[in-house]
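The next block holds one structure in the form of C-alpha cells; read it before the comments.
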Amino acid sequence: MLNLISVITLQQLLLELAQSDKVNITNFYNDPETPYHLERVRYAAGAPEMEYRPLRRSLPTAAMQSIRILGMFKDMVLRDNAAELDQYDAIVTVEDTVASARRLGISSPQLIYIPHGCGDRARGFTSEVKAFDHVLLSGQKSAQRMLENALIKPENHSVIGSVKLETCKLFPDVTRFFSIQRPTVLYNAHKARGLSSWKRFIEPLLEQFSEQFDFNLIVAPHTKMFRRRRQSVRDSWNGRSNSQILIDTGSERCVDMTYTSAADIYVGDVSSQVCEFLETPRPCVFLNAHQIDWQNNPDFAHWHFGDVVDDPRFRTHSQKKTVGHLS
C-alpha cells in the first residue's frame with residue numbers, strides 16, 4: 001500500500017485492513033512528518049503496530065526536494081520507487097499524483113484512490129481520477145458529479161462516507177483555547193492560487209478582531225500554506241497570537257478537526273474543512289477575494305451555506321460594537 005502525504009483520512013481504513021490476517025500493509029511515505037500523524041491515529045485507536053517505510057529518493061530528486069519552496073516532485077519520487085511499488089497487489093492513496101503510476105512503470109497493482117477532501121472545488125474532479133481502478137468516495141453528491149463527468153464508472157467506485165470524520169472522533173475535544181470564553185470564529189483559508197482569501201483578507205481580519213471584544217478568533221489556514229516556508233516565517237505568524245486571537249500555521253490541531261469542532265462560526269473560502277465543520281450545523285461566512293461569479297458554479301456550491309463577503313473592509317452593524325464581517 002502507498003501513503004504519499006500526511007493525511008489522517010487514509011489511516012483509519014488501513015487500521016481496519018490491518019485486523020485481517022490476509023492483508024499485509026506497508027505505509028510508504030514521502031513527507032517525513034507522515035509517520036507521526038499516522039502513529040497518532042494508530043495509538044488513539046489502540047491498533048497493532050504498523051510498518052512505515054520512506055520512499056527512496058535518487059540524488060536528483062533529493063536535490064530538487066531540498067529547495068522546499070519548489071514542491072515535493074512526486075512524479076520523480078514515484079519513478080525512483082517504481083520497481084518496488086510494482087510488487088504490491090494494491091496501492092491505496094489519497095494523492096491523485098499516483099494517477100501517473102502506469103506511465104512511470106507501475107503496472108501490476110490495482111490503484112485505489114480516496115480523495116482527501118469532500119468539498120466542491122474543481123481540483124477534486126480532474127481527469128486524473130480516470131486513471132484509478134477503484135475510487136472510494138465520501139458521499140453520493142461527489143459520486144454523481146464524477147459519474148456525470150465520466151471520471152468514474154458505476155462499477156468502479158464505492159461510497160463509504162467520510163473516513164476523516166470517523167477517525168477524528170478518536171481524539172478528545174479540546175475546546176478551551178482562550179482565557180476569556182467568547183463565541184469563537186475559525187478562519188480557515190485555502191492555499192489555492194486564484195481562490196485563496198489569505199492575502200486580501202488576513203490583515204483586515206486581524207485588525208478588526210483586535211478592535212472588538214465579542215469574539216475570539218482562531219486562524220488556522222490550510223496546512224500546506226506554510227508547509228514549505230521557513231520555520232522563522234511560521235514562528236513569526238504564530239507569534240502574532242494574543243489573548244483573543246490564536247494563529248496556528250500547521251500544528252496537528254490543523255488536521256484533526258480540533259478547530260472545526262471548537263469553533264462557533266466558520267470563515268473560509270474553498271477548503272473542504274467546511275464540510276467537517278458543518279457536521280454540526282453552524283453559521284458560515286465565505287470570502288470571495290477574487291470576484292468570482294459563484295452563484296451557479298458547482299465548484300462553489302458550499303457557499304450557499306452562509307454569507308459571502310467580497311470586501312475585506314466590509315462591516316455590518318448591530319447594537320453592539322462593529323465586529324468585522326461577523327457582528
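For this structure, a couple of remarks:
- Note on segment 55-168: Cα convex hull, mean projected area over all directions, 8.2 nm².
- Paramagnetic label zone (point 7 Å from Cα along Cα-to-C-beta, Ser158; backbone N under 20 Å) in segment 19-50: 19-27
- Stretch in the chain that is longest and holds no GluC sites (Glu not before Pro) that DSSP places in a loop and that have at most 12 other beta carbons within 10 Å: 50-210
- Per residue, the average separation of C-alpha pairs within less than 8 Å and at least 6 apart gives segment 51-123 a relative contact order of 27 percent.
- Here the accessible area is traced with a 1.4 Å probe on the protein chains. For the chain, carbon and sulfur cover 50 percent of it.
- Each Cα pair under 8 Å and six or more residues apart adds its sequence gap; the mean of these over the residue count of the chain is a relative contact order of 14 percent.
- Residue with peak Gaussian network fluctuation, the chain [Cα springs, cutoff 10 Å], from Ser197, Ser138, Ser251: Ser251
- Residue among Gly119, Leu205, Ile218 farthest towards the positive dipole end of the chain, charges placed on Cβ: Leu205
- GNM result for the chain, Cα springs below 10 Å: residue of Leu186, Leu111, Leu147 fluctuating most strongly: Leu147
- The stretch between Ala301 and Ala47, if pulled fully straight at 0.36 nm per residue, gains 87.7 nm over its current Cα-Cα span.
- Label-reachable residues, segment 183-225, where backbone N falls under 11 Å from a point 7 Å from Ala122's Cα toward its Cβ: 195
- Accessible area in square angstrom per residue, segment 235-296, 1.4 angstrom probe: 39 Å²
- Each 5 Å bin, from zero up to the one with the longest distance, holds this percent of the alpha carbon pairs of segment 269-317: 5, 19, 30, 24, 15, 7, 0.
- GNM flexibility winner over the chain from Gly124, Gly194, Gly161 (Cα, springs under 10 Å): Gly194
- Restricting the calculation to Cα atoms, every distinct pair contributes to the Kirkwood radius of the chain, found to be 21.2 Å.
- Length gained on full extension, Lys169 to Glu252, computed as 0.36 nm times the residue gap minus the Cα-Cα distance: 28.4 nm.
- Given charges at beta-carbon only (K, R positive; D, E negative), |dipole| of segment 29-106 in Debye: 240 debye
- Simple spin-label estimate for Asp75 and Asp293 in nanometres, 7 Å along Cα-Cβ: 3.3 nm
- Summarising the label geometry, the points placed 7 Å from Cα in the beta-carbon direction at Glu148 and Ile67 lie 4.2 nm from one another.
- Estimated from helices alone, the mean residue ellipticity of the chain at 222 nm is -6500 deg cm²/dmol (sum of -39500 (n - 2.57) over DSSP H runs with n ≥ 4, per residue).
- Estimated inter-spin distance, Leu278 and Arg103, nm [label 7 Å along Cα→Cβ]: 3.4 nm
The values are calculated or read from the model by the stated rules, or taken from the named source; none is laboratory data. All figures in this text were calculated on a predicted structure; none of them were measured in a lab. Cβ sites come from the backbone with ideal geometry, for glycine too, and all protein chains shown count toward neighbours. Accessible surface areas use protein heavy atoms only, side chains included; no ligands, DNA or RNA. Shrake-Rupley method; radii C 1.70, N 1.55, O 1.52, S 1.80 Å.
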